[in-house]
Amino acid sequence: MARIKAKELREQDPEKLRQTLYDLRSELSKLRGSAQRGTLKKEIGRIRRVRRDVAVVLTVLHEKGVSE
């Protein structure tokens, strides 16, 4: 999955942003579970990338004045 750009997110409606946030958080949960079990070896850096993407989505939501 490619990095999420804030510029692209600002063009989306709040409902689409909430769905993106939900998807990212569920992916992060799965990655953390895999890391905890020790089955996530090569993609350990993916956790950091997904966390940053969540932060970008939250920032854009707050800029728009929309709560989660």
Scan of segment 1-45 for residues that are part of a helix (DSSP H, G or I), over 14 Å from the mean Cα position of the chain (by Cα) and either surrounded by 15 or more Cβ atoms within 10 Å (Cβ to Cβ) or aliphatic (A, V, I, L, M) (or both), ordered by number: Ser34, Ala35
Tally of residues being touching a helix residue (DSSP H, G or I) at 6+ places or on another chain (Cβ under 8 Å) and either among the β-branched types (Val, Ile, Thr) or touching a residue at least 24 places away in the same chain (Cβ under 8 Å) (or both) across segment 28-68: 16
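Bear in mind these aren't lab numbers, they're just calculated from the coordinates by the rules spelled out. Predicted, not measured: the structure shown is a model, and the values here were computed from it. Because the Cβ atoms are built from the backbone with ideal geometry, glycine has one as well, and the counts that use them run over all protein chains shown.
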